[in-house]
Amino acid sequence: MLSNIRRERMISYGMQPDTPYSDKNRIRKEIKYADELYKKLNCQVINVATKSIEETAAIIVNSLQK
């Protein structure tokens with residue numbers, strides 16, 4: 001899914017869609033790195049894939065008020 005989004009983004013920029021930016025193996029590595037970093041920093045992770053900006057903001061505000 002993310003690979004497809006990135007490919008479409010490259011096309012919209014008038015560039016070749018198949019780049020390291022849209023490579024599935026590279027994306028897996030990026031996500032693994034991010035997951036490890038979030039765990040190390042003990043960060044709250046919010047999946048915003050199906051949330052509006054307002055919903056995401058409410059989650060952040062609620063977590064900061066705790």
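FYI, it's all coordinate maths here, none of it is from the lab. Because the structure is a prediction, the values reported are computed rather than measured. When we count neighbours, we look across all protein chains shown, and the Cβ atoms used for this are built from the backbone with ideal geometry, even at glycine.
Using 0.36 nm per residue and subtracting the Cα-Cα separation, the extra length available between residue 41 and residue 56 on full extension is 3.4 nm.
The mean sequence separation of alpha-carbon pairs under 8 Å and at least six residues apart, normalised by the residue count of the chain, gives a relative contact order of 19 percent. Spin-label model, residue 11/residue 31: points 7 Å from Cα along the beta carbon direction are separated by 2.1 nm.
Mind pulling the angle between the C-alpha long axis of helix 53-65 and the longest principal axis of the chain? Nearest 10 degrees, somewhere in 0 to 90. Helix 53-65 sits roughly 40 degrees off the main axis of the chain. Taking the chain as the reference, fit the longest principal axis to its C-alpha atoms, fit the long axis of helix 2-12 to the helix C-alpha atoms, and give the angle between the two in degrees, 0 to 90, nearest 10. Rounded to the nearest ten degrees, it is 60.
Taking a point 7 Å out from the Cα of residue 63 in the direction of its Cβ, the residues of the range 21-38 whose backbone N falls within less than 12 Å of it are 38.
Every Cα-Cα pair in the chain was counted, and those over 21 Å apart are 46% of them.
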